[in-house]
Every structure is written in C-alpha cells, then in structure tokens.
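Heads up: the structure comes next, in structure tokens.
The values are calculated or read from the model by the stated rules, or taken from the named source; none is laboratory data. Only a predicted model underlies this, so the values are computations on that prediction, with no experimental measurement involved. Methodologically, a virtual Cβ is constructed for each residue, glycine included, from the backbone with ideal geometry; neighbour enumeration extends over all protein chains shown.
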Amino acid sequence: MKIAKMKPKTIIKLILFLVIVTGVLYAVFQSDESDQSVSVPTAPAVPTEEEEPAAETETPDEQQPAAEQQPEQVISEAPAAEKRPETIASKQQEIDGHSFLIENDFLELYLNEENLSLIVREKATGAVMYSTVKQPIESTESWKNFTRSGIVMEYLVDTNIVVYRADMYSENPTKTITKNDNGFVASISYPELQISFDVHVTLTDQGITVDVPQDSIEEKSDKYKMAGLYVYPFLGYSVLGEREGYMFIPDGSGALVHLKDNNGKYKQPYSEMVYGGNAGIDDSYVLSFFNQMDPFNDPEKILAPVFGMVQTDSEIGYLGIIEEGKFSSKIEAYPSGAILPYNWITSKFIYRQVYNQPTSQDTGTMVVRQKNRNNFDIKVHYQFVTGEQANYMGLAGEYRDYLLGNQLIADLETPFKARIDFLGSEVENGLLRKKDVPMTTFSQADDILTDLQNAGVESIMSIYKGWQEGGLYGGLPIRSFDPESSLDDGLSLKGLLDNADDKGIDLYLYQDALRINMEELENTRYELMKKFNKRTYTDDVYGNVYQSFNYLNPASSVDLLERMAEEYQGGEIDHIAISGISNQLFSYSEGSQEFDRIATKEHYEKIISDYDNQFDLLLEQPFSYLWKRTNAIIDLPTNSSNYVFTDEDIPFITLTLKGLIPMYAEYTNFQANQDEFFLQLVEQGINPSFYITEENPAALKNTNSSDIYSSQYERYEEMIPAYYEELAALHEEIGEAMITGHEREGEMVKITYDNGVVVYVNYSEKAQTMDDTSVEAMSYKVVQGQLN
C-alpha cells in the first residue's frame, strides 16, 4: 500500500490540532476534585466587590475609599502557627491582650477594647474559644483587618453599587465601651461616614448574646449608607487543619464542613439567605443553552436560622441562633482555602441590596441600590456546648430547648401515620382548547384508601392535590370551593371527605396561596407581586402547558385566603394544607413604596395564624417561624444540597424536633435509592410519604406534571403496607421519645432516645458491628437500652 505524502501546510495544521486537543484534555484532567463531581450542584456564588458590574454608575470621586478587592487565595504556604492555647487551667486577668470582663457559674468573658474581640473560657474544662485572629496571614490590609475585628460593617457610597467595608481599624472608627453587670455596650461611630450604632454583648448561662438595636443606628449622610453587618464573624475560627472539629451549616437537613486543610481546592464558600432567596431583589438564573430547561438542581433552603462551630479536640462549641434579623440575614461558611486559609462561619445581616432596574421596556438596565434600610434589630445567641455535649447532637439539643423555652413550637402528640397524597386532575393542550387529564377521581381515591386500610395501613394522613376546577396548575389560584367536575364519577369531593372521616383518615385539601396562573385569568381582582424594580415577578417553570406563573402580592394572598376560609367553612371543610406562602419570603414594591421581607412575613404569619385557629392546618415545608402553626411538618428534606465542600450530612432538624411534632419525608416515589431512603426514615424517625395516582403517570407526559414518572397505585400497593408495618412497629418501640444521641462510625449509625431505646442502622452492603451489636447489611436493629 502506498502512503501519500502530506503537504507541509497539512502537517502544520495537524500539529496545531493536536496541540489544542492535548491542551483541552490536560485542562480537564488537571481540574480539582470539585470540578469532577457528578450530580453535585455548584456551590452558591458569593457576590464580591470585584464581581459587581461597574457600568452605568457614578465614578467615585477622589475622596471616596477604595473599593474592597477580593484577594487571590492565600494557600501557597501555611501561615505561621499562632500557638494560642486551646485550654487554660484557671481564671486569668488577661489572655492574649484580652482583659477579664465578667463571669458566671459556667463561663468567663474576656474583652479587647481595641477591636471588640472576645475570648470565652468554659470554667469546668478550661476550654477557650477566640473570636478574632491574633496574627493574620499575609493578605490585603482589608482582609487582615476583617480577621482581627469583632464587628465589620459594609456600606455603599452615593449611587455606586460597589460595597465598601469598615471594621474596627479601617475608616477611623471611634469606640466608647460602657461596662455593665452582664457585659458591655460598645458605641461605634465612623465620623467620616457619619454612621454610628451600638453593639450590646451580654453573658448568659448559655453563652453570649449580641444585640444591635435598630434605633441605635444613625445615618446622617446622604452619601454613605449601611449595606450589611457581620457580627463576630471569626468566632471559633481555625487555621487550615490545625484543629479537629467542624462547622455546622443549616443546608436542608443539615451538613458538616470539617476543620481541615483543603489544599486550596475550594474556590467559593457556602453563602445562603436564611429562609431562601429573595425573589423581589435577586435575579433568577437565565437559561440560554439548555432549551428552556434548568440544568441545575435547586439547593435546599435554610429552614431554621441557626449555624454552629464545634472544636472536638478541646470539647467546646456553640450554636448560633439568630433571634432578630433572621428575615434579612445570610449564613456564610468558609472552608479553608476559600479566599483565606481559615475555617470560619458567621451570620451576615443585610440592610440594603442592589438590583437591576430596567431603563426601557425591552432592553437596557442599570444597577441601583435599595432606597430604604431594612427595618430590624439584630440579636444572635451563641449558646455554648462543652464536654460530652460538644457535638452536633449537643447543638440540636440546644435548639430544641430554645424552641420550647420560647414557645416557638408546640409539643404535640406524634402518632405514626403513613402519608398518602393524591393527584386529582391536570390539563394538557388540545387542538382547540385545553383538555382535562383526570388522574385520580374521588371514588378512586376512596377505593385506594379503603384498600390500604384492609391491607393493614390503619393510620393514614392524606393530601388531595388538583381537586379544584382546572386541576393542579390550571386552577391557580383556588378562589372558590368548586371541585373539578371530571373527578366526580359518582362520588363527590364532599362524599370522599366524609368517607375519609368515617375511616379515621385525616384528608386535607391542598391550597397554593402564592401562585396565580394569568394565562387562565384574563381579568383578576388580585394584585401581582412586583419586584423592587417595579417589574412583575415571573416564576418560570417551563412546563408543557404553562411556561410560568406569577406570585400574588402578600395582601392579595391574605385576601384570597380570607375568602376561601368562608368557602371552606360553608362547605364544612375542616382540613387544609397550605403551600407557597409557608416557604417563600420576598421583598416587593407597591407604587413608589418598597417593602422588605419582614412586611411579607407579617402578612403571611397573620393569615396562617387565623387558619390555625379555624382549621386543622398543615404547612408544606414551613420555615421555622411558622412551626408552631402547623400540626405536622411535611416534605422535610432528609439530605443537604450535597455541595462539594460538605463532608457529612446530618439530620439536624429531625434530631431537634423528633418527639415534638409529626414529621413527614419527601415522597418515596422519587428517590433514586429507595432501600437507602427507607433506612434514612428509620434513622431520622420521620414518617413515609407517597404520591399516588390511579392512572399510569404516562398520561401526564404532556402536562406540567410531566416530572411525575412513578405514581400508579398498583405499583405501590404492596410497598406501602410493607413500609407501614415496619415503621409502625419501630414507632411502637420509640413512642413519643426524643433523640438524645446520634453517633456515626463509618456506615453505621447509632440513635439513642430518651426512653432508653437504641436504634442501630447499617448502610453498608456487609454486616457491621457497633457496641457489640451486629446488624445485617442494609438493615437496622432496635435494642432496649437502659436509662442512665
């Protein structure tokens, strides 16, 4: 065979091609581990000063401070060891430049007045925790000052949307310290910025409480305005991997970030708003290359305003509880290597944000700042745990005591019930008009409930979705008690409810009180939610029938629910499940007025309180401020968002609430590994949930519920009784007990209850032993322990 000679130009092109391909392959295989993870959502981006758009804003004059710049990551070499003692045997007059201030039976508090730095010493063990860095690593002056400061303020200048920073060293602050019997008050002023505020620090039996009263804040300049405030951001920090322990983040069920040297592989921290993002200000993700499909998993929301730090080597830690300011706060956790080689976690309070303001109907925007400061006090409790309680179970116990002590949750009976939800009706597009797609008629739902009880599933709680005219999405919002006619096949909705009541089944009607379908409503008396930029908010869902929905203005949600309360009472309906407003909070505008999330919360809390007094009420995945208003928590996440920098998922919410309120998991139908998910139900002590239809879900392929791929009853008619039998027997052992211990060794978990019951769960594919108790592969064992 004769091989043709290649021309010189061809050889050059081939070499260039090989060089390019080799470079691409090298870049791919040299990516760090976080880039190679599969099915893991990208860490949430933290807005930094250099990421802010600089266009269409006024240029700062020469007298304005330089904008804060995020330094490159300082991970090339470890900082010099600070050699700060982890324990101190006895009370001191001074520790690292901090003078003794005050003590109680449990703790001592030391203060450095220069930077408001605190040192907390636990008297029984001598363990100490530091709130600022003593010897900062080489970085920008701004970050050095940040790490050394107890309080850090962010501010805006004129119409410039770049965020600037003032701490205990920069911007020439003045501080007046007034000591009292329980701590001190620091009056902080920035004369050049004409901004001042007070910080109250109080020593309590549980730890320390930090307050910043809103009425102490003064902004005397039109040019400089507060944007945010960090409160003791470095409390409990550590350098690289010099300490043992972890940070606790309230992501979904909860997660831990270990205090280790991450070798610079993480570029971004955890940074999420308490109670979810703010749809009234935040810009939604813009889809471009994915054919109107969201390519990312939505992260789990923060359901409770808590965070924590535990140093297991010295057996000390704290749970941060945001009592005031939680509706305008973020939790930020920086694993070492994300900007700096420190592990640190903090709350950040947001007084003003910036947002995109359209300048025309079609194109053009400019970035503007929020006009009015968000109106709230700051109050954070740092409740310390020590000794054997210095772990995440100890943090959960602190939160449980806080909730009960402040009457933020009712101590309810927690009977075991299986949750069997039904999808009634949907719609799909037809040739001339939309067609009803009935999935579970009223008589079919009745038959399924009867069949389940005959199979041994005696105690059932059920939610009926899509019962209204127009179905689940075509009938938004529900404005009257008008059941979908295609579901009435001889048994009415009222007949179904009566039959369920006769069977001892709690059957709830599902009411989305947030969303409105404007495609089906040409005219409406209800107002739509408008963002700060005066544009109507659009909830893009990219469904097969409806592409998007709108949110109701909070006052309209209240008006709607008030009218529906009359409808329900007139129809003798007792059980209502509310969604939408139970786990959404946003800022909004009305005319020229701006309203923050606290205003939204006040609307929602009032109407939900009214419903709680009038009906048997369920709330869908409610935020913690509503926990006392629901008879159960449904759709409770069993995992975190699985960010690449988290090391371990923990069931923090169930550890806190087990034995106080019934909890129901997300639907078993849609779990990738149902065997593992069953064990999670055992471990966390939560009740199972199933989403059921009589018809094959293939009928939903052209509806907005096309994501439901497994729901037909005949597929689950054996699984549901099997789940019920095992989990009901487990509940008989546990009863109303609360969890007091949660330990993990490899793939084994030990859960201890306050009635002496111990449950061992083995997630391994092989038999495992813990505490001389052997457990078969992918199984669990209940042991009757002895109370101490």
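Considering (1) surrounded by fewer than 21 Cβ atoms within 10 Å (Cβ to Cβ); (2) touching a residue at least 40 places away in the same chain (Cβ under 8 Å); (3) touching a strand residue (DSSP E or B) at 6+ places or on another chain (Cβ under 9 Å); (4) in a loop (DSSP other than H, G, I, E, B), say which one Gln135 fails and leave the rest. Of everything listed in (1) surrounded by fewer than 21 Cβ atoms within 10 Å (Cβ to Cβ); (2) touching a residue at least 40 places away in the same chain (Cβ under 8 Å); (3) touching a strand residue (DSSP E or B) at 6+ places or on another chain (Cβ under 9 Å); (4) in a loop (DSSP other than H, G, I, E, B), Gln135 misses just condition (3).
When you go through Thr538, Thr524 one by one, which is the residue that is modelled with pLDDT under 95 and either of a type in the set (Val, Ile, Thr) or touching a Gly at 6+ places or on another chain (Cβ under 8 Å) (or both)? From the options Thr538, Thr524, the qualifying one is Thr524. Residue check: Leu493 meets all listed conditions (1) touching a helix residue (DSSP H, G or I) at 6+ places or on another chain (Cβ under 7 Å); (2) surrounded by 20 or more Cβ atoms within 10 Å (Cβ to Cβ); (3) farther than 20 Å from Tyr473 by Cα but one, namely (3). Can you name the residue in region 646-703 that is touching a residue at least 40 places away in the same chain (Cβ under 8 Å), part of a loop (DSSP other than H, G, I, E, B) and charged (D, E, K, R) and is also farthest from Leu507 (Cα to Cα) among such residues? Out of the qualifying residues, it is Asp647.
Looking at Asp451, Asp401, just one residue is modelled with pLDDT of 95 or more, surrounded by fewer than 22 Cβ atoms within 10 Å (Cβ to Cβ), among the charged types (D, E, K, R) and within 26 Å of the chain's Cα centre (by Cα), and that residue is Asp401. For region 771-787, a tally of residues being within 18 Å of Thr740 (Cα to Cα) and either touching a Lys or Arg at 6+ places or on another chain (Cβ under 8 Å) or part of a loop (DSSP other than H, G, I, E, B) (or both) returns 4. Cβ-Cβ distances below 9 Å connect the following pairs, each with a first residue in region 382-396 that is without any contact (Cβ under 8 Å) to a residue 40 or more places away in the chain, a second residue that is assigned to a strand (DSSP E or B), and a separation of six or more residues or different chains: Gln389/Gly317. In region 322-331 there is at least one residue that is assigned by the TED database to the domain that holds Gly236, closer than 24 Å to Tyr275 by Cβ, buried (at least 24 other Cβ atoms within 10 Å of the Cβ) and touching a helix residue (DSSP H, G or I) at 6+ places or on another chain (Cβ under 7 Å). Scanning region 462-509 for residues that are β-branched (Val, Ile, Thr) and under 11 Å from Asp446 (Cα atoms) turns up just one, Ile505. Kindly indicate whether Phe670 is surrounded by fewer than 20 Cβ atoms within 10 Å (Cβ to Cβ) and touching a helix residue (DSSP H, G or I) at 6+ places or on another chain (Cβ under 9 Å). Answer is no for this residue. Say whether the condition of being assigned to a loop (DSSP other than H, G, I, E, B) and under 18 Å from Gly659 (Cα atoms) is met by at least one residue in region 745-755. The answer is yes; a qualifying residue exists.
When Val157, Val152 are checked against the criterion of being under 21 Å from Tyr342 (Cβ atoms), assigned by the TED database to the domain that holds Asn372 and crowded, with 20+ Cβ neighbours inside 10 Å, a single residue qualifies: Val152.
Being touching a Pro at 6+ places or on another chain (Cβ under 8 Å) and over 22 Å from Ala565 (Cβ atoms) is the requirement here; does Ala513 meet it? Taking the combined requirement at face value, the residue does not satisfy it. Determine, yes or no, whether Met168 is assigned to a loop (DSSP other than H, G, I, E, B), modelled with pLDDT of 95 or more and crowded, with 20+ Cβ neighbours inside 10 Å. Spelling it out, Met168 is indeed assigned to a loop (DSSP other than H, G, I, E, B), modelled with pLDDT of 95 or more and crowded, with 20+ Cβ neighbours inside 10 Å.
With respect to the conditions (1) closer than 22 Å to Ser187 by Cα; (2) in a strand (DSSP E or B), Met129 lacks only one, and its number is (1). Go through region 588-630 and give me each residue that's part of a loop (DSSP other than H, G, I, E, B) and either touching a strand residue (DSSP E or B) at 6+ places or on another chain (Cβ under 6 Å) or of a type in the set (Gly, Ala, Ser) (or both). Passing the criteria: Gly591, Ser592, Phe615, Gln621, Thr630. The condition of being under 30 Å from Glu426 (Cβ atoms), touching a strand residue (DSSP E or B) at 6+ places or on another chain (Cβ under 6 Å) and not polar (S, T, N, Q) does not hold for Tyr780.
Conditions (1) under 20 Å from Ala599 (Cβ atoms); (2) part of a strand (DSSP E or B), marked per residue:
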position	(1), (2)
Asn523	no, no
Asn550	yes, yes
Ser557	yes, no
Arg563	no, no
Glu566	no, no
Ile576	no, yes
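Taken residue by residue, region 371-385 has at least one member that is within 21 Å of the chain's Cα centre (by Cα) and among the hydroxyl-bearing types (Ser, Thr, Tyr).
One residue alone among Glu484, Glu469, Glu428 is within 26 Å of Glu522 (Cα to Cα) and in contact with a Lys or Arg (Cβ under 6 Å, 6 or more places away or on another chain), and that residue is Glu428. Scanning region 419-441 turns up no residue that is part of a helix (DSSP H, G or I), in the same structural domain as Glu718 (by the TED database) and either among the hydroxyl-bearing types (Ser, Thr, Tyr) or out of contact with any Gly (no Cβ under 6 Å at 6 or more places or on another chain) (or both). Can you confirm whether Met461 is crowded, with 19+ Cβ neighbours inside 10 Å and in contact with a Gly (Cβ under 7 Å, 6 or more places away or on another chain)? The answer is no for Met461. Given Asp198, Asp222, Asp251, which one is acidic (Asp, Glu), surrounded by 23 or more Cβ atoms within 10 Å (Cβ to Cβ) and either more than 26 Å from Leu107 (Cα to Cα) or in the same structural domain as Ser347 (by the TED database) (or both)? When all the criteria are applied, what remains is Asp251. Just one of the listed residues (Gln584, Gln593) is of a type in the set (S, T, N, Q) and in contact (Cβ under 8 Å) with a residue 12 or more places away in the chain, and it is Gln584. Among the candidates Leu109, Leu101, the residue that is in a strand (DSSP E or B), outside the structural domain of Ile339 (by the TED database), over 22 Å from Gly308 (Cα atoms) and modelled with pLDDT of 95 or more is uniquely Leu101. Of all the listed residues (Gly277, Gly254), the sole one being closer than 30 Å to Asn553 by Cα and under 22 Å from the mean Cα position of the chain (by Cα) is Gly277.
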